[in-house]
Amino acid sequence: MTSIVLKWWRAALAAMITLLVPIFAHAYTSDRPLEREAARIRQLLFDGKFAELEAVERRTRDLSLVVSDGQQLRSAYAQAVANAWPFLITGDPQSELVQLRSRVSAWEKMFPGSNAARIAEASYFLQDAWRARGGNYAYAVGDNAWSVYNKDVLEAARILDGMGRDARDQPEWYVMRLAVMRLGKPNDADYERLLDEALGRYPRYLSIFFEAAAYYAPRWHGSNAKLNAFIEKAASMSRPWLGDAMYARLQWSVWTGDMFRNGQASWPRMKSSFGEIVKAYPDTWNLNNFANFACMAHDAATTREQLKRIEGSVTIEAWDSMDFYAKCKAWASAERAQPSALATTPESLACNVGPVEKKILESSWLLYSCNDGASLVLVAPSGSTAFPFVFMFQYTSQGYRLSGEGAGSKAVTDQVLEVLNALTARDVANLVDLTKRAAKK
């Protein structure tokens, strides 16, 4: 093996950033303009300044108010309330969520008729659902975790459906209710009826479009064809006031590592659309992301151009990693940049060939190979002492890179790591072949 990286448990929440900071304090400052503004608003919730929070809610109903990257101030308000938990994590997620709920309950007590506070209560249950589910692949989530997750999603639905019709005067009611449908087992027709109602009332609220793009993406309930059909519809609806910027905004919101090679997105269209965004809002966040996407699309000229614009203001948060930024910079600077010089990123891999069950020492593992034909994933099944945990042998031009992630027994996974570390490239290749043969049966 050429390099070993063992990363311990990271809670991966959809569209949520996990930050290790003291509860009700903010040591972290995001480079993302929307999150910087959301952090300021979120502090009002943490500090119990509910009258000020209500005032912010009223002010941000004006959807023409935007932050420096062009995102709506209303979205920052919604982000502050609906994505509060990850900013509280100190090691005991369940306890922290109880404390978060106490803040929301205090808000409801001070303003008993507040639809905003009631919607925040529903968001608490969605956050607890993700706390229970964790960041594992769906097939690696245990039955107990799914039980809590499903119960929480149903409770969020009950709260939202129990509110009066005037609750729909809040655009977040629609975003939250659509999200609840996405997280459950939705009927496409029901989802589309509510989406049409939402866009009929709030045709300029970007968060509704973002939620729908997530629904139609392959990772949830759609496909590239459905996603692109929706994005085209959204771009047409918004063209009078956004130009073609909606195309890039929505593709950006559901990006994947191989989006320009698997039919999800057209780079020429994305490039043109992103150009409109940075022309109107030349914020460093937008410029960094433009460079990142150009590199992902293997457009060396545009990557060089955008890297030059961000000299002295590189925002690694906008890139997949510091390593990917460095690779893109070196690649784009080469006299004759070749796409093959950019290694495949983990996001572009689909690892679902198999499985084959193997016992390693005293623990059982499910082995899946990936669509690059060489990488391998080992998943600890529910009931295993190593559960939940995933190891991955990612194949690169320098050989295999071994990584691990999960919250299973450290004693067990450390021992398994020693075994995996001793495998040769040929050993791993043989295991990949086993998964391929199993898939053909």
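A few remarks follow.
- Summing charges over neighbours of Arg36, with a neighbour being any other residue whose Cβ is under 15 Å away from its Cβ, gives -3 when K and R count +1 and D and E count -1.
- Residue order, fewest to most surrounding Cβ atoms within 10 angstrom, among Ile231, Ile316, Ile310: Ile316, Ile310, Ile231
- Annotation: aspartates and glutamates with alpha-carbon distance below 20 angstrom to Lys279 (same-chain offsets under eight excluded): Asp31, Asp69, Asp244, Asp299, Glu305, Glu311.
- For the pair Ala422 and Asp196, label points projected 7 Å from Cα toward Cβ lie 6.4 nm apart.
- Per residue, the average separation of C-alpha pairs within less than 8 Å and at least 6 apart gives the chain a relative contact order of 15 percent.
- Comparing Arg269, Arg74, Arg193 in a Gaussian network model of the chain where C-alpha atoms under 10 Å apart are linked, the largest mean-square fluctuation is found at Arg193.
- Among Trp220, Trp107, sorting on how many other beta-carbon atoms sit within 10 Å of each Cβ, with the fewest leading, yields Trp220, Trp107.
- Residue among Thr413, Thr424, Thr302 with the largest mean-square fluctuation in a Gaussian network model of the chain, springs linking Cα atoms under 10 Å: Thr424
- Label-to-label distance, nm, for residues given as Arg239 and Asn352 (7 Å Cα→Cβ offset): 3.4 nm
- Each other residue within a Cβ distance under 9 Å of Glu108 adds +1 if Lys or Arg and -1 if Asp or Glu, for a net charge of +1.
- Here is how the number arises for the chain: DSSP H runs of 4 or more residues each give -39500 (n - 2.57), the sum is divided by the residue count, and the result at 222 nm is -17000 deg cm²/dmol.
- Seen from His221, the other residues with C-beta closer than 14 Å to its C-beta sum to a net charge of 0, counting Lys and Arg as +1 and Asp and Glu as -1.
- Centre-to-centre separation between the Cα atoms of segment 413-435 and those of segment 302-320: 37 Å.
- Projecting label points 7 angstrom from Cα along Cα→Cβ for Asn187 and Met322 puts them 5.2 nm apart.
- Whether segment 382-441 is rounded, prolate or oblate, judged on the alpha carbon gyration tensor where a/c under 1.5 counts as rounded: oblate
- Cross-link reach list, aspartates and glutamates versus Lys436, counting only Cα pairs under 14 Å and skipping chain neighbours closer than eight places: Glu357, Asp372
- Ordered by the number of other Cβ atoms lying within 10 Å of each residue's own Cβ, fewest first, Arg182, Arg42, Arg36, Arg426 fall into the sequence Arg426, Arg36, Arg182, Arg42.
Read the figures in this text as sums done on the coordinates, not as results from a lab. The structure presented is a predicted model; accordingly, all values stated were derived computationally and were not measured. Glycine gets a Cβ as well: all are built from the backbone with ideal geometry, and neighbour counts include every protein chain shown.
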